[in-house]
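The structure under discussion appears below in the form of structure tokens.
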């Protein structure tokens, strides 16, 4: 055999090893895992909110995978129990994340169920958490002189709304928040699911 | 039998197979000299420095250093060898030039986006009115402009230049690569635009929508055509180690990219493991081999001394191919993935020490006694430092994968520091060095302002040092704070602030370096600057030199 074919075949076999370990075996083991009990598929509004979460890049600062107590005090911070594969049965694309510039969000819906808090926090995080480095998202809101019927008005802490104006949440902001509220994997896992 | 036992035995088996494989390819793995290493030189040419990046007087000084180090005065290369090389260089000129122009453009785009993202991280209310300028998108634009713009355009351009030289004949089918590169850049422009307007696939490193990815695949395959054609008609017997790296990189990438982007196939947690199989391998099996190929070619070529312990490079190559592929899982440590997968990744990360040591020994022995040449050759300075940083970043990566270290650094800015040690301090510096060598051969002009090269070198290396140190220290403190249940989460945020600011400073220096480099390149293209003499030397003795 010529040396270049030997080289390329060898190289592809090596890549094959890696792909079977990291792609094929996990595919067989967990791609079709059943949802953990108590989980519901996302509604279409929540899915649109998930799109917002992706398109605005929330995942680059927030993970969605609380770790076990043996590794990190995630549960003590109120981030929830260690997650299992079944918790992600409806999650495509996955949003596990690799950074915790901000807190883990897999259970944010259980931890912070207030729509108003979330909307206000997206408009200006520093109105709620001084020193936060989360970006503000003013482009998800419109500023009006007066609310019109059907508008969702955001009630910000004193001094954070532009003087004499009201802050209205766009449909995108509302969808995003409904996705955040759907993030709740606090139901216990049965032994065979973990 | 439990999964872990199956896995352990599979690992042992494949490892043994790897050893047998390497052994079957070559005996005398540790012997110090080997004829294979000499193929980058013409007959009698060993001992002749080649450094087109400097003026002829400096080239002369460099040659004297080399003479002193080798203890002999080498004869000039034969006219026929020089003719072959000139023909090889000429054949690749159009495609290399095109790819380099694109590389420069993406380097500047990526720098601007990266700098803005870095600044936004400590000034979160800066430029927030427009969706496309939000942190999440600018950061992603930065990553994609580097990952699919700067790195592949520079790396493939270098490969296109080196291949015909190593295969001893003009490049065949360069037109295909040209078309491929054009498609590739069109794909990247639309990919970045789609990220900016908020349409993306949601996977880190794989954000560009799969509909556009089809173009990348077509472009990538076209770029591989000249490799295949030229390999088939090569004029040399032995395939030099750089060819292995470049050929495999060109074949690995499309396979990984296609597997990773098949729509609708990957789901849930499996998608996450696939994501990091890809995300890590695009570094280890695409940029890294392209950069190592450049080190293995240019470093010995500049100092006119073949790679020492050449056979070790075999170990380095197959070790990288085998171990690196499986290390990606450590990105999911503590996550909802099977435990064996993490263990496997940690083991393979540690095994990566082997190929890295092999490379380091090669590099050290080759440069040994020739360090004074660093003063005279900018190519060597960039590539020497870059090579050293390969060792540093790989060792850092191996230890970072260990559970005890990873528990702290995971999810923190430390990871970002590490990735810039790899992709910038190693890969990018090596590419810079190679470009300093190649551009004069392509434009047929000397670099007009040697001072600018020095400025670029110092800006980039000091900048990246600040960058990496700041993020590693800051990230470590962040991780410690996060692991301490007694501290509120916000402590882990506030502790990083000074380090995030330092990172912006480091990044700004790097950016300044890039501006210098790009300006210098523009001077060459438009023929500005003091020296305008003809083709740069191919390694002939400078006129009037003894």
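Scaling the Cα radius of gyration of chain B by the globular reference 2.2 N^0.38 Å produces a ratio of 0.96.
Taking the Cβ-Cβ separation of residue B:112 and residue A:40 as r and a Förster radius of 56 Å, what is the calculated FRET efficiency to the nearest 0.05? Efficiency for this residue pair is about 0.80. Taking other C-beta atoms within 10 Å as the exposure proxy, B:156, A:181, A:47 rank A:47, A:181, B:156 from fewest upward. Rounded to the nearest 10 degrees, the inclination of helix B:241-261 to the longest alpha-carbon principal axis of chain B is 30 degrees. Taking the number of Cβ atoms within 10 Å of each Cβ as an exposure proxy, the fewest-first ranking of B:277, B:132 is B:132, B:277. In the protein assembly as shown, helical runs assigned H by DSSP with n ≥ 4 each contribute -39500 (n - 2.57); averaged across all residues and rounded to the nearest 500, the mean residue ellipticity at 222 nm is -19000 deg cm²/dmol.
With respect to chain A, whose longest principal axis is taken over its alpha-carbon atoms, helix A:3-19 is tilted by about 50°.
Please give the Cα centre distance for segment A:15-42 versus segment B:99-144, rounded to the nearest Å. Taking the Cα centre of segment B:99-144 as reference, the centre of segment A:15-42 is 33 Å away. With R₀ fixed at 41 Å, the C-beta to C-beta distance from residue A:158 to residue B:399 puts the FRET efficiency at about 0.25. Under the simplified labelling scheme, the residue A:3-residue B:193 pair shows an inter-label distance of 4.6 nm, with each label point 7 Å from Cα along Cα→Cβ.
Centre-to-centre separation between the Cα atoms of segment B:366-436 and those of segment A:143-190: 46 Å. When only Cα pairs below 8 angstrom with a gap of at least 6 residues are kept, chain A shows a relative contact order of 26 percent.
Normalising by residue count, the protein assembly as shown has a Cα convex hull of 153 Å³ per residue. The fewest-to-most ranking of B:290, B:483, A:8 by surrounding Cβ atoms within 10 Å reads B:483, A:8, B:290. In segment B:121-162, whose amide N lies under 16 Å from the spot 7 Å out along Cα-to-Cβ of residue B:525? List them in ranges. Of the residues in segment B:121-162, B:150, B:153-154, B:157 have backbone N under 16 Å from the label point off residue B:525. The orientation-averaged shadow of the Cα convex hull for segment B:405-497, equal to a quarter of the hull surface, comes to 7.1 nm².
Mean separation of Cα pairs under 8 Å and 6 or more residues apart, divided by the residue count, gives segment B:31-526 a relative contact order of 18 percent. Once the Cβ-Cβ distance between residue B:130 and residue A:70 is put in as r, and R0 is 25 Å, what FRET efficiency do you end up with, to the nearest 0.05? According to the calculation, E is roughly 0.05. Computed from Cα atoms alone, the Kirkwood hydrodynamic radius reported for segment B:89-207 is 15.5 Å. In this simple spin-label approximation, residue B:451 and residue B:339 carry label points 7 Å from Cα along the Cα→Cβ vector, and these lie 6.4 nm apart.
FYI, it's all coordinate maths here, none of it is from the lab. Predicted model only: the values in this text are computed from it and were never measured. Note that we place each Cβ from the backbone using ideal geometry, even for glycine, and neighbour counts take in every protein chain shown.
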